[in-house]
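First the structure, in the form of structure tokens, and then the observations on it.
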Amino acid sequence: MSTSDRFPFIREFQPPAGAEGWERMYPYFLTSQPEGEQLEDERLWFADTMHWSRAVYPLDSIGAEAVYLGAGQNSARIFALPTSLGLDMRVVNGYVYISPTGITDPDVINERLVHFQERAGYYFANWEELYEQWKNKMTSVVEAMRGIDFPALAEYEPIEVVTEARGRSTAWDLIASYHKLIDDFFVAWQYHFEFLNLGYGGYITFFQTCKQFFPEISDQSVARMVAGVDVLAFRPDDELRGLARKAVELGVDSIVSSGDDPAAIVASLRDSENGRAWIDALETAKDPWFNYFAEYGFLHDQDTWLSNPSIPFAGIARYIEMLQGGEEIARDVAKLRTERDAIVAEYRGLLAEDEAAQFDGMLQLARTVFPFIEEHNIYVEHWTHSVFFQKLRELSARLVEVGFFADAEDMYLLNRIELDEVLADVVQSHVIGVPARGVQKWRAEVAERKGMMTALRSQAAAPALGTPPAEITDPFAIMNYGVTTERIRDWLGQSSGEGALTGAAASPGVVEGMARVILTEKDLPQLQPGEILVAPITAPSWGAAFSVASAVVTDIGGMMCHAAIVCREYGLSAVVGTGFATSRIKTGQRIRVNGDDGTVTIIGEAEEAA
């Protein structure tokens, strides 16, 4: 195979200048090792920039560990998916790359099928009850993490250690609490995939049933048959809408939407009874709905709505502006369901009675499991991660307090295993009464790693590495990530790169307008009403932007990614997984988004953007 038919192998891929030796920052099992090179060469690895948009700090790599352990154990060992094991993972130049591990041996598939039918069947038959149990389990894990404390290292132990005859020091709690935090994080991610793979499996089964009965049906039409389902994922944005309405009702909308610093806005509101009433509504909404990341929540340096209230305040201001203009800000769910039911009736009418019964069963299953595909984000990526990173910040503050690190950010330049060693050093040295032995070692290493991280983050992730198969068939890669055979050809440069961009036709309609390229949520205030949002990927917290944009285009994502699902729910035309939209489209250009056939065409040169 020539290099034009494959991507660079992992072992061939060179780091940017200044990042040489980056591998030592991560646990060895997350990086390429000599005994695995042949296997790595033979497989396709694609960058998971949906969840890790930039090179990950060593401590943040725990997210990749937990995610793919949870995915693998539920796919391969618990539910025994017939044709799929887990997603293998490597950190390469600081970026997370994944590779689906499929099964092709018919005998193995049939053997696993027996186990899968029994195990998945139990969950599908008891979905509602088990899902409620899952919510309670997740809430319990989050609350357990919230209760973790990292005690100060005192000169003398509290007297209660003696009077209660505890027989152990509170200093040890620094280590024990860290272990519990890590363990709870891994448990949360095992729970995450308890239902997610089955949720995707239920939808994929319905998808395949539709393709069997209606060979010409579009992927989009299948997806629209499960639209209009109430999911928790829309609740944070609904809270912003509610706060906007409340501000208008109370006559404080001009203050709330002033664009001032949120702290200054709140201070101004305290001067009036109505202002204080709005503050009460804000405080009620905050817990838990502002425990919400601006991006996907996998990096310690990403903001939440609580840590950066200017993000939700900007969304509230957008909705206030729409209300002041006489616009309706509620999602038209009734219209969405009417359209959904019309599509179902049209296709169901083509079936014989026995086929219709099978279709009805698969549709009901898909609608039952679908909410979890979106709702799990709230419980895990947002609520769990916001508490997890808050606790890490508390631990970091302790290590700065005792003089081990010079800056609170330094801790994130160690991986979780190295941090465990540091805590052992700190606690053992403290209780003995001698200086910690690793301060100079780690401060020197941290200084070097800062340069490495700067270098790694200066270079974008290569979209893929290794050897692609002749055809991409993994449904998860296609439906969630938008990694298709056509996209692989684009990445290899086997397509001309001229003419229209192509992707997944995620949400119907044809829209022309001015493009606004948004690379992070920090750029969202630049988006003007009626512009077409062009982004690498959208995050769940971008709800207010969907009420402003006229259409959406993304680089990555498939029919079941967040951007696709939300655009269908908001009635926005969308094309996702184009591969190169943010690099080929410039802000101010006029573009045509065809959400019916999955094409995006540049039709005019860049205009002056507001």
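Note on region 373-498: Kirkwood radius taken over Cα pairs, Stokes-Einstein applied at 20 °C and 1.002 mPa s, translational D equal to 114 µm² s⁻¹. Of all DSSP bridge pairs formed entirely within the chain, close to 75 percent run antiparallel. Based on the convex hull around the alpha carbon atoms, the chain presents an average projected area of 32.1 nm². Taking the Cα atoms of region 332-403, the ratio Rg/Rh between the radius of gyration and the Kirkwood radius comes to 1.42. Orientation-averaged projection of region 73-138 equals 6.0 nm² [convex hull of Cα atoms, one quarter of hull surface area]. When only alpha carbons of region 538-607 are considered, Rg and Dmax amount to 11.6, 33 Å. For region 267-330, applying the loop criterion from DSSP together with a ceiling of 12 other beta carbons within 10 Å to the trypsin sites (Lys or Arg not before Pro) yields Arg270. What the chain shows is 42 Å² of accessible area per residue, with the surface traced by a 1.4 Å probe over protein heavy atoms. For a straight C-alpha distance cut-off of 22 angstrom, the lysines reachable from Lys586 (same-chain residues fewer than eight places away being disregarded) are Lys522. Rounded to the nearest angstrom and listed largest first, the equivalent-ellipsoid semi-axes of region 91-180 from its Cα gyration tensor are 46, 22, 13. Given in Å, the Rg to one decimal and the Dmax to the nearest whole number for the Cα atoms of region 1-151 are 19.2, 58. Taking every Cα-Cα distance in region 134-233 and sorting them into 5 Å bins from zero, the calculated P(r) comes out as 2, 10, 12, 13, 10, 9, 9, 8, 6, 5, 4, 4, 4, 2, 1, 0 percent. For region 36-124, the equivalent ellipsoid derived from the Cα gyration tensor has semi-axes of 28, 16, 9 Å, listed largest first. Considering only protein heavy atoms and a 1.4 Å probe, what is the carbon-and-sulfur percentage of the accessible area of region 201-306? Answer for region 201-306 is 44 percent, counting heavy atoms of protein chains only. Using only side-chain charges placed at the Cβ, +1 for Lys and Arg and -1 for Asp and Glu, the dipole size of region 67-173 relative to its Cα centre rounds to 300 debye. Applying 1/(1 + (r/R0)^6) with r as the Cβ-Cβ distance of Ser458 and Glu273 and R0 = 45 angstrom yields a FRET efficiency of 0.30. Inverting the mean 1/r over all pairs of different Cα atoms, compute the Kirkwood radius of region 205-274 and quote it in Å. Its Kirkwood hydrodynamic radius stands at 16.0 Å.
Among the lysines, which have Cα under 23 Å from the Cα of Lys137 when same-chain residues fewer than 8 positions away are ignored? Answer for Lys137, where 23 Å is the Cα cut-off: Lys180, Lys286, Lys391, listed by chain and number. Shown here is the pair-distance distribution of region 250-341: with all Cα-Cα distances grouped in 5 Å bins from zero up to the longest one, the shares run 3, 12, 18, 20, 18, 13, 9, 6, 2, 1, 0 percent. Across region 514-601, C-alpha contacts under 8 Å between residues 6 or more apart give a mean separation that, scaled by the residue count, equals a relative contact order of 29 percent. Using C-alpha pairs below 8 Å separated by at least 6 residues, the relative contact order for the chain is 19 percent. The string of couplings for region 500-511 from the Karplus curve (6.51, -1.76, 1.60, θ = phi - 60°) is 6, 6, 10, x, 7, 6, 7, 8, x, x, 10, 10 Hz, one whole number per residue in order, with x for Gly and Pro.
Expressed as a whole number of Å, what is the distance separating the alpha-carbon centroids of region 110-133 and region 505-556? Between the Cα centre of region 505-556 and that of region 110-133, the gap is 38 Å. What's the carbon and sulfur percent of region 376-505's accessible surface, probe 1.4 angstrom, rounded to a whole number? Answer for region 376-505: carbon and sulfur cover 52 percent of the accessible area.
Computed across region 308-462, the Kirkwood hydrodynamic radius from all distinct Cα-Cα pairs reaches 21.9 Å.
Please identify every one of the GluC sites (Glu not before Pro) in region 1-77 that sits in a loop by DSSP and has no more than 16 other beta carbons within 10 Å of its own beta carbon. Sparse-neighbourhood loop GluC sites (Glu not before Pro): Glu20.
The values are calculated or read from the model by the stated rules, or taken from the named source; none is laboratory data. Quick caveat, the model's predicted, so the values are computed rather than measured. Because the Cβ atoms are built from the backbone with ideal geometry, glycine has one as well, and the counts that use them run over all protein chains shown. Accessible surface is based on the protein model in full, side chains and every heavy atom, while ligands, DNA and RNA are left aside. Shrake-Rupley method; radii C 1.70, N 1.55, O 1.52, S 1.80 Å.
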